[in-house]
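Visitor: Have a look at this one.
Quick note: the coordinates plus some simple rules give every number you see, no bench work behind them. This one's a predicted model, so the numbers in the text were calculated from it and none came from an experiment. Cβ placement follows ideal geometry from the backbone for every residue including glycine, while neighbour counts extend to all protein chains displayed.
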Amino acid sequence: MLLRLAKPVLILPVRNLTKKPKSIITNLNYFKSGKSDGPPFTHFVQIGDPVLKEKSQSVPIEEIKSDAVQNIIQTMVYTLERYDGIGISAPQIGVPLQIIAVQFTKSQLEAWSDKMQQERKMEVIPLQIFINPKISVLDNSQITQREGCCSLHGMSCRISRSSSIKLNALDHNGDPVEVKAKNWTARTIQHEVDHLHGTLITDKMEPGSLVNEYWNVINRRHGDFKLSYQGIKEGPRKWFSSSKFWRASD
Ligand SMILES: [Zn+2]
């Protein structure tokens, strides 16, 4: 279980998201294009997108409270909720910065059988943002379990992870946080931190373990099956005061 938690993020400050201050962040190529349809996206980019192979840049502490970084964090949380995900990294919305968010809600937990909850030692994880995270392994005994990823939508494979870790990072206010995590929570954090190094589950998987989770449905429907990449529900729009930020197509 999490031994020491950062303060859960309940409400993130609403920013004027149309203003982009000049900073190292906005100097990233991803913001230079000036295209309104560019990142940060409100969908998960998919395997093959070069951004998922990049090593993400660290966020200067003085930039954390900038509109640009707060915008990215808000967009990550929005996208995480929209897809009912368990974790998200900034590269997954097209921004190669060292920011991750994790959250595993009670309703997500209860969607798993009691047997699976016990087997995987699952626990609720309050929403937390980690910036420039560094992992130290506390117990390197490996646990191998099946994992999915919102950037390999519909696929899963078996991955070995360290059973216990310590994470040092900054929170969304730029304050240092230290988290010790085991089992399910440690797995979730390791998965997201891997994204910051350009590592996907297919780079680490047990060979031959990749499956399409819908293979059986595809057969039952004789191939008449469509997978949506738009998430499964509306995001937490209530957190945002201005609908202008969200593009019409969202
Ligand atoms: Zn992932």
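Visitor: Counting other beta carbons within 10 Å of each residue's own, what order do L97, L138 fall into, fewest first?
Guide: With the sparsest Cβ surroundings first, the list reads L138, L97.
Visitor: Same structure again: Starting from the Cα-Cα distance between D175 and E213, subtract it from 0.36 nm times their residue separation and give me the gain in nm to one decimal.
Guide: Separation in residues times 0.36 nm, less the Cα-Cα distance, equals 9.7 nm.
Visitor: In segment 73-137, with Lys and Arg counted as +1 and Asp and Glu as -1 at Cβ, which of these residues, N132, A101, I73, has the Cα nearest the positive end of the dipole, that is, farthest along it?
Guide: Of the options given, the answer is N132.
Visitor: Counting Lys and Arg as +1 and Asp and Glu as -1, what is the net charge of the other residues whose Cβ lies under 11 Å from the Cβ of Q145?
Guide: +3
Visitor: If I take R0 = 35 Å and measure r between the Cβ atoms of D139 and H222 in this structure, what FRET efficiency does the formula 1/(1 + (r/R0)^6) give, to the nearest 0.05?
Guide: E(calc), rounded to 0.05, equals 0.15.
Visitor: Give me the tail of P(r) for segment 152-219 as a percent: Cα-Cα pairs with distance above 17 Å.
Guide: I get 55 percent for the Cα pairs in segment 152-219 exceeding 17 Å.
Visitor: Can you list which of the trypsin sites (Lys or Arg not before Pro) found in segment 35-65 are DSSP loop residues with at most 16 other C-beta atoms within 10 Å?
Guide: Qualifying residues, ordered by number: K35, K55, K65.
Visitor: If R₀ is 22 angstrom, what is the calculated FRET efficiency for the pair I47 and E123, using the beta carbon separation as r and rounding to 0.05?
Guide: 0.15
Visitor: Restricting attention to segment 176-222, which GluC sites (Glu not before Pro) occupy a DSSP loop and are surrounded by at most 13 other Cβ atoms within 10 Å?
Guide: Answer by residue number: E213.
Visitor: May I ask which of K53/K226; K134/K226; K182/K226 have a Cα-Cα span longer than 31 Å here?
Guide: K134/K226; K182/K226
Visitor: Still on this structure, please answer the following. Dipole magnitude of segment 55-202 about its Cα centre, charges +1 at Lys/Arg Cβ and -1 at Asp/Glu Cβ only, in debye to the nearest 20?
Guide: In total the dipole reaches around 520 debye.
Visitor: Still on this structure: Taking only C-alpha pairs under 8 Å that are 6+ residues apart, what is the relative contact order of segment 29-225 in percent?
Guide: It comes to 22 percent, rounded to a whole number.
Visitor: Excluding S163 itself, what net charge comes from residues whose Cβ is under 10 Å from its Cβ, given Lys and Arg +1 and Asp and Glu -1?
Guide: Overall, the nearby charge balance is +3.
Visitor: If you don't mind, there's one more thing I want to ask. Give me the net charge of I61's neighbourhood, meaning all other residues with Cβ under 15 Å from the Cβ of I61; Lys, Arg count +1, Asp, Glu -1.
Guide: That works out to -2.
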